[in-house]
């Protein structure tokens, strides 16, 4: 009865819009488990929660677990879609249980041409490069005074567990994911606009027919005039993925000189000197920009790579990597243990030791 009463109280907080993301996730997990086995004896509450998610336009959940027909592969499907005002409310402060790990946030370092480093404010989400100075995106606080006549090389880098935005001198916006680095000039001059990327970034490029925008990353160069696309080019990933959201891009492969064009909803996958093109749903590849995890037939190892970068943890496997895949969407603004509820449902065992996540 004690557990039932806790669930009832949590549901009332949910209805009142006072749940934190972690509390919402716990309620969703309970409902998923109830729907799977109908053994909790809370039929009335389950029905009320089901009705609530149908009626509410901004709070809803659908979850369909199933076992794949392919032998030895368990596909756990978990879809948590919630866009709740409570996530923005003052009452939504995260309360961590002992040993839990908080999510990442706005963290980045700006490196100047003379080597000086500026740790950027976690209270801000981005910076803007102007003609004569660099400012925070929100507010007029000046970070760097630039010489208008001189082009200065600059570097914006995020650690594990950090993201940041930047508006470049031409108005192009870049969202930098965790453990990533963007090299760019204080202003663009000449016939093209060139930046260098290591890690992952989403680009919304300002159109300029006279000056193509070029992104140099691992083994490839991307050329656009004005478009939106995502590049995942981590040094420790086997593949470099470029996903086009809108517009058109041209890719050139450094090793072979091969040239490829992408249309919206197409993705190039570069592995060594080999490249292929495929149709994709762009959602899973750009969800991070909007603060979500989006898994789509995602292997456990790839999911753990995302966890490692966002929660700044090391992941270790005591045995062979479990042969499981995951599907679903979940806010990145939750603690590590909340995300790991997926593993509990799929029967993958784990433990957390300090800043290490160990898959047993």
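Just so you know, all these numbers are worked out from the coordinates, no wet-lab data involved. Not measured: the values here are computed from a predicted model. Virtual Cβ from ideal backbone geometry, glycine too; neighbours counted across all protein chains shown.
How do the peptides 277-286, 112-121, 234-243, 334-343 rank, highest first, by the average count of neighbouring beta carbon atoms within 10 Å per residue?
334-343, 234-243, 277-286, 112-121
Using Cβ contacts closer than 10 Å as the measure, can you line up 276, 214 from fewest to most?
On the way: 276 11, 214 16.
The most exposed by this proxy come first: 276, 214.
Going by how many other beta carbons lie within 10 Å of each one, how would you line up 324, 347, fewest first? Provide the component values of the computation, followed by the final result.
Values: 324 21, 347 10.
With the sparsest Cβ surroundings first, the list reads 347, 324.
Could you tell me how many cubic angstrom of Cα convex hull volume region 199-258 has per residue?
Measuring per residue, one finds 77 Å³ for the Cα hull of region 199-258.
Using a 10 Å cut-off on Cβ atoms, rank the peptides 97-106, 308-317 from the highest mean neighbour count down.
With the highest mean Cβ count within 10 Å placed first, the list reads 308-317, 97-106.
Note the direction-averaged projected area, equal to a quarter of the hull surface, for the Cα convex hull of region 224-360, in nm².
9.1 nm²
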